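The values are calculated or read from the model by the stated rules, or taken from the named source; none is laboratory data. The model shown is predicted, which means the values in this text are computed figures rather than measured ones. Don't worry about glycine lacking a Cβ; one is built from the backbone with ideal geometry, like all the others, and counts go over all protein chains shown.
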Amino acid sequence: MRGSLPANLRDVLPRAELDVEAALEKARSICEEVRHRGAAAVRELTARFDGVEIATARVPAEAITRALDELDPAVRAALEESIRRSRLVHRDQRRADVTTEVVPGGTVTERWMPVDRVGLYVPGGRAVYPSSVVMNVVPAQEAGVASLAVTSPAQKEHGGLPHPTILAACALLGVDEVYSAGGAQAVAMFAYGTEECEPVTMVTGPGNIWVTAAKRLLKGRIGIDAEAGPTEIAILADETADPVHVAADLISQAEHDVIAAAVLVTTSPELADAVEKELPGQVSATRHSERITEALAGRQSGIVLVDSIDDGLEVVEAYAAEHLEIHTADAAAVAARVRNAGAIFVGPWSPVSLGDYLAGSNHVLPTGGCACHSGGLSVQSFLRGIHVVDYSREALAGAAGHVSVLADAEDLRPHVAAVRARFDGQVPE
């Protein structure tokens, strides 16, 4: 991409494809089954898709307690520290009510209210994600959500329960309402409710294409955080970057899925060559080398050469990555110029892996270029701003003339009448 950058930059950059539309009809039938047959449908769909029979989707309290009791002490300590750091960051995101005096006797207060009940989805496919329990639960708790439920796919090797590390993370966070359900049926369970699970107001958390399709179908009945697509990392780097670090970070996200995206944008052909030479050795040493190799070779991954950091910034702005690392001279100054990214990782000591677990930031982030208009999961995701309008008679009188003029302009005469009714049928001068 040397020389002039194309006008349609966003369209020509590597990007993973996720055909949610193709999954909608099947997801619709799944959701309808749950809507009409409730808990029985959830159990049958779990047997069909996860290959495990469950007597009930609700995880017994003793299983959650046991999972924590049996948790490896080192894992427990790491999760506790992750929770502590996440609380520090998310607690500072809390919002205070603000009252503005518009005119004497006329105020508008913005009151921040948490949603009533949230269903939190934790994936359970190729990997185990107790970190996603932390990332979903902590901001909801800090927002003041009164009722939280977690769901994660049933695992055959664990007797139809979610992975015990996920259950242990729930226990550490004080969440005792947990379900063994995954895919579209889990989202439908939350949206419609069953004999075992009360319906929720909002569903958050990443998942596979069936989770995403169900979220799209049920949006409106429930609030959602986002339609999560394949994970992605973009790295903006110059000749000062360490190719070992860059290769390792590309691999770290490619490990998630064969359609995960890993993109290097660099001003340095030498760095690009060094990274390409470094990748095979590092990939071969990983446990999931086949998955990583497929992701790195896919059309969604690649190396983009640019003439300057300015051009590189234009490229990563158009890409709007879920995760963006900056490996350049004066990385903080370059990062400060970025507007479009789910999260930005500055310099060689801030890899995405840190953000996935222990930076204190949230790892539920916008994908597929949505970072140009959406942010990651936060306390604000669970809050609603409600305007409380409180005007005195005198303050309304002062606005009545303008209300009348604007209502006339919109041909909405009953609006004028509603004001006049308070002043004996007249609009105050």
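Results for (1) over 30 Å from Ser350 (Cα atoms); (2) among the basic types (Lys, Arg); (3) assigned by TED's automatic domain parsing to the domain that holds Tyr319, shown as yes or no for each residue.
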| site | (1), (2), (3) |
| --- | --- |
| Glu177 | yes, no, no |
| Gly207 | no, no, no |
| Arg221 | yes, yes, no |
| Glu270 | no, no, yes |
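In the set (1) loosely packed, with under 15 Cβ neighbours inside 10 Å; (2) at pLDDT below 95; (3) under 26 Å from the mean Cα position of the chain (by Cα), the condition left unmet by Pro14 is number (1). Determine whether Leu324 is within 19 Å of Gly229 (Cα to Cα) and in a loop (DSSP other than H, G, I, E, B). The answer is no for Leu324.
Yes or no: the stretch 204-217 includes at least one residue that is in a loop (DSSP other than H, G, I, E, B) and among the hydrophobic types (A, V, I, L, M, F, W, C). Can you show your working first?
Our first condition is that a residue be in a loop (DSSP other than H, G, I, E, B); within the stretch 204-217, this holds for 205-208.
Subset that is among the hydrophobic types (A, V, I, L, M, F, W, C): none.
No, because not a single residue in the stretch 204-217 is in a loop (DSSP other than H, G, I, E, B) and among the hydrophobic types (A, V, I, L, M, F, W, C).
Entry remark, the stretch 385-396: residues being surrounded by 11 or more Cβ atoms within 10 Å (Cβ to Cβ) and either modelled with pLDDT under 95 or out of contact with any helix residue (DSSP H, G or I) (no Cβ under 9 Å at 6 or more places or on another chain) (or both) number 7 in total. Count of the stretch 222-277 residues, restricted to those that are outside any helix (DSSP H, G or I), more than 30 Å from Gly193 (Cβ to Cβ) and of a type in the set (A, V, I, L, M), is 14.
Checking the condition in contact with a strand residue (DSSP E or B) (Cβ under 9 Å, 6 or more places away or on another chain), crowded, with 20+ Cβ neighbours inside 10 Å and under 20 Å from Arg48 (Cβ atoms), which residue from Pro162, Pro230 passes?
Working: Pro230 fails: under 20 Å from Arg48 (Cβ atoms).
After applying the criteria, what remains is Pro162.
Taking the criterion of being crowded, with 22+ Cβ neighbours inside 10 Å, farther than 15 Å from Ile326 by Cα and free of Cβ contacts under 8 Å to residues at least 60 places away in the same chain, the residues of the stretch 252-278 that qualify are Ala254, Val275. Being assigned by TED's automatic domain parsing to the domain that holds Glu62 and at pLDDT 95 or above holds for only one residue in Ala237, Ala171, Ala247, and it is Ala171. List the residue pairs whose Cβ atoms are under 8 Å apart, where the first residue sits in the stretch 104-116 and is under 28 Å from Ala146 (Cβ atoms), the second is part of a strand (DSSP E or B) and of a type in the set (D, E, K, R), and the two are 6 or more positions apart or on different chains. Going by the 8 Å Cβ cut-off, the qualifying pairs are Thr107/Glu101; Thr107/Asp390; Val108/Asp390; Thr109/Asp390; Trp112/Arg384; Met113/Arg384; Pro114/Arg384; Val115/Arg384. Looking only at residues of the stretch 279-319 that are among the hydrophobic types (A, V, I, L, M, F, W, C) and free of Cβ contacts under 8 Å to residues at least 24 places away in the same chain, we find that the one that is surrounded by the most Cβ atoms within 10 Å (Cβ to Cβ) is Ala297. Screening the candidates Ser378, Ser374 for the property of being surrounded by fewer than 17 Cβ atoms within 10 Å (Cβ to Cβ) and closer than 29 Å to Ile259 by Cβ yields one hit, Ser374.
Each row is one residue, and each column tells you yes or no for (1) over 30 Å from Glu110 (Cα atoms); (2) within 20 Å of the chain's Cα centre (by Cα).
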| position | (1), (2) |
| --- | --- |
| Gly368 | yes, yes |
| Ser374 | no, yes |
| Val389 | no, no |
| Ser404 | no, no |
| Val416 | no, no |
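The set of residues in the stretch 327-356 being among the charged types (D, E, K, R) and part of a helix (DSSP H, G or I) consists of Asp356 alone. Under the condition of being at pLDDT 95 or above, of a type in the set (Lys, Arg) and over 15 Å from Ala359 (Cα atoms), the residues counted in the stretch 73-103 number 1.
For the stretch 235-247, indicate whether the set of residues that are under 27 Å from Arg384 (Cβ atoms) and among the small types (Gly, Ala, Ser) is non-empty.
So in the stretch 235-247, the residues under 27 Å from Arg384 (Cβ atoms) come out as none.
No; the residues of the stretch 235-247 include none that is under 27 Å from Arg384 (Cβ atoms) and among the small types (Gly, Ala, Ser).
Taking the stated definitions as given, is Gly223 buried (at least 22 other Cβ atoms within 10 Å of the Cβ), touching a residue at least 12 places away in the same chain (Cβ under 8 Å) and out of contact with any Lys or Arg (no Cβ under 6 Å at 6 or more places or on another chain)?
So Gly223 does not fit the description; no.
Number of residues in the stretch 189-211 that are of a type in the set (Ser, Thr, Tyr) and touching a Gly at 6+ places or on another chain (Cβ under 7 Å): the value is 2.
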